[in-house]
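> Sharing a structure, written as structure tokens. Questions coming.
The values are calculated or read from the model by the stated rules, or taken from the named source; none is laboratory data. Everything quoted here is computed from the prediction, not taken from an experiment. With ideal geometry, Cβ positions are generated from the backbone for all residues, glycine too; neighbour counts draw on all protein chains shown. Calculation scope for accessible area: heavy atoms of the full protein, side chains included, ligands and nucleic acids excluded. Shrake-Rupley method; radii C 1.70, N 1.55, O 1.52, S 1.80 Å.
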Amino acid sequence: MAEDLEQTIQRLKELAGDVPLGWDRPRPKRVYIAVDKKDAREFARMLFEDFGARFATATGTDIGEELEVVYHFECDAVGLVINMRERTPKGDPVVPSITPVVPAADWIEREMNDLVGIVFDGHPDPRRLILADDWPDGVYPLRRDKKNDA
Amino acid sequence: MTHKTLIPIGPYHPLQEEAEFFQLYCEGETVVDMDARISYNHRGIEGVSMNRTWDQVPYVVERVCGICSASHPLAYVQAVEEIAEVEVPERALYVRTIINELERIHSHLLWFGLAGHFIGYNTVFMWAWRYREPCLDALEVVTGSRINYANHTVGGSRKDLTPEMVKFVGERLDEIEGPLDMFITTALEDPILSLRLKDVGVLTEQDARALGACGPTARASNVPIDVRRDDPYAAYDRVDWDVMTCQNGDVFDKVVVRLLETKEAIRILRQALRDLPEGPVQASVKEVPPGEGVGHVEAPRGETFHFVKSNGGAGPERHKIRAPSFNNVPTFRASCIGQPIADVTITLASIDPCYSCTERMAVVADRDTGEELMNFADLVKLSRQKTEEIRKQL
């Protein structure tokens, strides 16, 4: 018999072990897992390969002192959305790329690099995706200090 | 010595005439590599949305895409409703279902017509677009507009359906259903379509999963995912319908999946119109507390994903929009390499790409000497010639 939602969550907890820094389930089908950025690639690999989740997309956000990346994975069989969250200080905007283990993350990591200025270490093709070639270096449209008039 | 030809496609898509640009590297007739760089049409809608209030955003995001203009607002309002824990009235859920399924019919028929046009089947184009019109008429009567319906709001639906509207939509479906059956029979049985589209632009199940493909692109490659069933929203768990999948992942299967889905959409619509419950269509929403919400909707092209973050203010603190084409366009590398040039155009069209959603497309190339350029008109000619040759051989 197919796994139900609670069994799926249980399996996820077992696979995750003690890696997550925080675990939140505000609604039955939404899970938010915070991980240290050094564990991010391995955790993403686990979600994609071992747990069998589908990669939906990722969100990069400037949250003030830090930059936040939320990778959204989905487990379609039970409609579960797993959000893997990692943070890094603005002074050190480098996080590991998950593209080597999750190919679908290729474009969205390049987009986050362009728009929020997060550097994905180990990305196989870190060219610009969104910004024009003549856009100035170091100016990120979705950073808080970026004014709309430019 | 191999002679390499460089073919730039764009910055307008050969089929859908939106800003994008591919470069194909060819040896003889065969594509050996390709590259895509995007963003000719980036409008910064995420940034715009973050400077608007909760109620204004649906009208902004429906302009992400003219064809998916019911899917983006629905994904957004569902994300906000998740944060604010809003109970949406039953009738509004049905109204949402009706509008989104009408959108699916018109989108799939639009694509079917264009695909026919592109391989030199202009009769398909004329017929498909002829029967897309009743669907647009139905949308106009229900929402007041052929596209950009301005209907979904946080907490419900802006407009209600009158009994006359329900009757009108039902009559338009009667008008579409017969010809749709004919399209399906034609597509499945026509020998030229089979020869022209089978085994062309194959996306394997493995590639579809690895690249995160969604919607009909994934379902044609035997990846049975559909947000409407997997994480039900609106009234999809209250009506009886099936997820359509095919096995081969070629262009032919992508045609079949879309046509069968259009048929299912009519099935969903008939039940929704019949079972439309009485009651209000709008719940009162006082404020949106701090929090995060995910809204995803099965748009005609695949899953539209919205992530909204609230800090308790008047509008979203962060609003991420991921249109289905953003995941589907990178599958081109998997489905085009190794194909003859004449098949590339229909393969590029087969995912029903939407560039104003994805916002981008361009290409970088190593401009070695000895490269030859072909233009878009040459490519269309090649595609049509191939169909013509198949026709003659029959």
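> Using a loss threshold of 50 Å², tell me which positions in the range B:226-260 are less accessible in the complex than in their chain alone. Probe radius 1.4 Å, ligands and nucleic acids ignored.
B:230, B:231
> Can I ask one more? For the pairing of chain B with chain A, what total accessible surface becomes buried, with a 1.4 angstrom probe, in square angstrom to the nearest 100? Intermediate results must be reported in sequence, preceding the final value.
Details: alone 15840 and 8250 Å², together 20860 Å².
The B and A chains share an interface burying roughly 3200 Å².
> Apply the Kirkwood formula to the range B:45-325: the hydrodynamic radius equals the inverse of the mean of 1/r over all pairs of different alpha-carbon atoms; give it in Å with one decimal.
On the way: mean 1/r = 0.0520 Å⁻¹.
Roughly 19.2 Å, rounded to one decimal.
> Computed FRET efficiency, Cβ-Cβ of residue A:23 and residue B:32, R0 56 Å: what is it to the nearest 0.05? Please list the in-between numbers first.
Working: r = 47 Å, r/R0 = 0.84.
The formula returns an efficiency of 0.75 here.
> Okay, moving on. Only residues of the range B:149-165 count here: report those whose backbone N is under 19 Å from the spot 7 Å along Cα→Cβ of residue B:278, or say none.
The answer is B:160-165.
> Continuing with this model, one more query. Taking the Cα centre of chain A as the origin, how large is its charge dipole in debye, to the nearest 20, when only Lys and Arg (+1) and Asp and Glu (-1) carry charge on their Cβ atoms? Could you put the intermediate results ahead of the total?
Numbers: 21 positive and 30 negative charges, 66 e Å.
Here chain A has a charge dipole of around 320 debye.
> Among A:113, A:103, A:80, flag the residue with its Cα farthest along the positive direction of the charge dipole of the range A:79-143, charges on Cβ as +1 for Lys/Arg and -1 for Asp/Glu.
A:80
> Further question: Any chance you could give the angle, 0 to 90 degrees and rounded to 10, that helix B:341-350 forms with the longest Cα principal axis of chain B?
Orientation of helix B:341-350: about 0 degrees from the principal axis.
> Turning to a different aspect of this structure: Evaluate the distance, in nm, between pseudo-label points positioned 7 Å from the Cα of residue B:167 and of residue B:286 along their respective Cα→Cβ axes.
Once both label points are built, they end up 4.2 nm from each other.
> Another question, if that's okay. For the protein assembly as shown, with the dipole built from +1 on Lys and Arg beta-carbon atoms and -1 on Asp and Glu ones, taken about the Cα centre, which of B:110, B:293, B:383 lies farthest toward the positive end?
About the Cα centre, the residue reaching furthest to the positive side is B:110.
> If you count only protein heavy atoms with a 1.4 Å probe, what accessible area per residue comes out for the protein assembly as shown, rounded to a whole Å²? Present the calculation step by step, with values, prior to reporting the outcome.
On the way: 20860 Å² over 544 residues.
About 38 Å² of surface per residue is accessible.
> So, one more: Does any residue of the range B:282-312 lose at least 10 Å² of accessible area with all protein chains in place compared with its chain alone, and if so which ones (probe 1.4 Å)?
B:292, B:294, B:296, B:303, B:305, B:307, B:309
> Shifting gears a bit: Over 27 Å between C-alpha atoms is what I'm after, so list which of B:263/B:386; A:13/B:286; A:37/A:146 land there. Walk me through the numbers before you get to the answer.
Working: B:263/B:386 30 Å; A:13/B:286 36 Å; A:37/A:146 25 Å.
In this structure, B:263/B:386; A:13/B:286 exceed 27 Å between Cα atoms.
> Modelled label-to-label distance, residue A:125 and residue B:174, 7 Å Cα→beta-carbon offset: nm?
In this crude spin-label approximation the distance works out to 5.2 nm.
> If one takes the longest principal axis of the Cα atoms in chain B, at what angle in degrees, from 0 to 90 and to the nearest 10, does the Cα axis of helix B:251-275 lie?
Compared with the principal axis, the helix lies near 20 degrees.
> If each DSSP helix of 4+ residues adds -39,500 (n - 2.57) and the sum is divided by the residues in the protein assembly as shown, what number results at 222 nm, nearest 500 deg cm²/dmol? Can you show the working numbers first?
Working: 20 runs with 217 residues, N = 544.
It lands at -12000 deg cm²/dmol.
> Something else: For the range B:45-325, give the magnitude of the charge dipole about the Cα centre (Cβ charges: +1 Lys/Arg, -1 Asp/Glu; no others), in debye to the nearest 20. Write down the numbers at each step before the final one.
On the way: 31 positive and 42 negative charges, 129 e Å.
My answer is approximately 620 debye.
> Residue B:148 to residue B:41: FRET efficiency via 1/(1 + (r/R0)^6), r the Cβ-Cβ distance, R0 30 Å, to the nearest 0.05?
Numbers: r = 17 Å, r/R0 = 0.57.
For residue B:148 and residue B:41, the calculated efficiency is 0.95.
> Sticking with this one: Just A:27, A:128, A:110 to compare: in a GNM of chain A, with alpha carbon springs under 10 Å, which one fluctuates most?
A:27
> If contacts are Cα pairs under 8 angstrom and at least 6 residues apart, what is the relative contact order of the range A:15-121 in percent?
On the way: 194 pairs, mean separation 27.4, N = 107.
That works out to 26 percent.
> Report, ordered by chain and residue number, the lysines lying within cross-link reach of residue B:392, taken as a straight Cα distance under 23 Å and ignoring same-chain residues fewer than 8 apart.
Straight-line reach from residue B:392, under 23 Å: B:198, B:381.
> Here's something else I'd like to know. Between residue A:5 and residue B:237, with labels modelled 7 Å along Cα→Cβ, what's the label distance in nm to one decimal, could you check?
0.6
> Please get the size of the charge dipole for the protein assembly as shown, origin at its Cα centre, with Cβ charges of +1 on Lys and Arg and -1 on Asp and Glu, quoted in debye to the nearest 20. Write out the running numbers ahead of the final one.
Numbers: 63 positive and 89 negative charges, 147 e Å.
Magnitude of the dipole: close to 700 debye.
> Roughly speaking, to the nearest percent, how much of the range B:148-223's 1.4 Å accessible area is carbon and sulfur?
On the way: 1670 of 2970 Å².
Carbon with sulfur: 56 percent of the solvent-accessible area.
> So, one more: What's the angle, to the nearest 10 degrees (0 to 90), between helix A:106-116's Cα axis and the longest principal axis of chain A?
It works out to around 50 degrees.
> Related question: Kirkwood Rh over Cα pairs of chain A into Stokes-Einstein at 20 °C, 1.002 mPa s: D in µm²/s?
Details: Rh = 16.2 Å.
D = 133 µm²/s.
> Pick from B:134, B:216, B:191: which residue has the top mean-square fluctuation in a GNM of chain B where Cα pairs under 10 Å get a spring?
Checking each option, the largest mean-square fluctuation is seen for B:191.
> How compact and how long is the protein assembly as shown, expressed as Rg and Dmax of its alpha-carbon atoms in Å?
When restricted to Cα atoms, the protein assembly as shown yields Rg and Dmax of 23.0, 74 Å.
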